[in-house]
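**Q** Right, I'll just put the structure down here and ask away after.
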Amino acid sequence: MSVRLYVGNLPKESIDREALAAMFAESGQDVTTKVIKDRKTGKCRGFAFVTVSTDEVADAFIEKYNGQSFMDSPLKIEKALPRSKTTKSKDEQASPEGAANTSAPKRKNKRAKRQNDNPQTSEAIQPDPRWADELAKLKEMLAAANN
């Protein structure tokens, strides 16, 4: 079974697949590379995928090449996560009838969408928990400044 690896932190300029493959060729393993490019500009989007033959080869590959410099950028290499075929909302995943419902999604009018995008009108939006403490401090500072 082949294993797909994510190669990140590539420079966002023109990169040939062969140049990247040449770097990995010294490993002695049969690898295939795919540089992900922007459709309009043809430049690299900053990442690529490398496919190796086995899980053991993938681990050795990551150990050898992760952090190694390519075009003055240290590479970030890890096992690629499988692409999900469909993305379901939390409601569809939680309820079995959501999965059985195959009707077309309901359309919203533009005005309703704009109102839902406004954080002042939607009370369901919660702050990112990583920034909750900072947000609380800012709120206190604003309240103190207004008094």
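**Q** Among the residues of segment 34-48, write down those that are touching a residue at least 24 places away in the same chain (Cβ under 8 Å) and surrounded by 13 or more Cβ atoms within 10 Å (Cβ to Cβ).
**A** Val35, Lys43, Cys44, Arg45, Gly46, Phe47, Ala48
**Q** Which residue is farthest from Leu75 (Cα to Cα), if the candidates are limited to segment 1-23 and must be modelled with pLDDT of 90 or more and not aliphatic (A, V, I, L, M)?
**A** Out of the qualifying residues, it is Arg4.
**Q** Out of the residues in segment 24-40 that are in contact with a helix residue (DSSP H, G or I) (Cβ under 8 Å, 6 or more places away or on another chain) and not polar (S, T, N, Q), which is farthest from Pro74 (Cα to Cα)?
**A** The extreme case among them is Val31.
The values are calculated or read from the model by the stated rules, or taken from the named source; none is laboratory data. Quick caveat: nothing in here was measured; it's all calculated off a predicted structure. Counting neighbours? That spans all protein chains shown, and the Cβs are built from the backbone with ideal geometry, glycine included.
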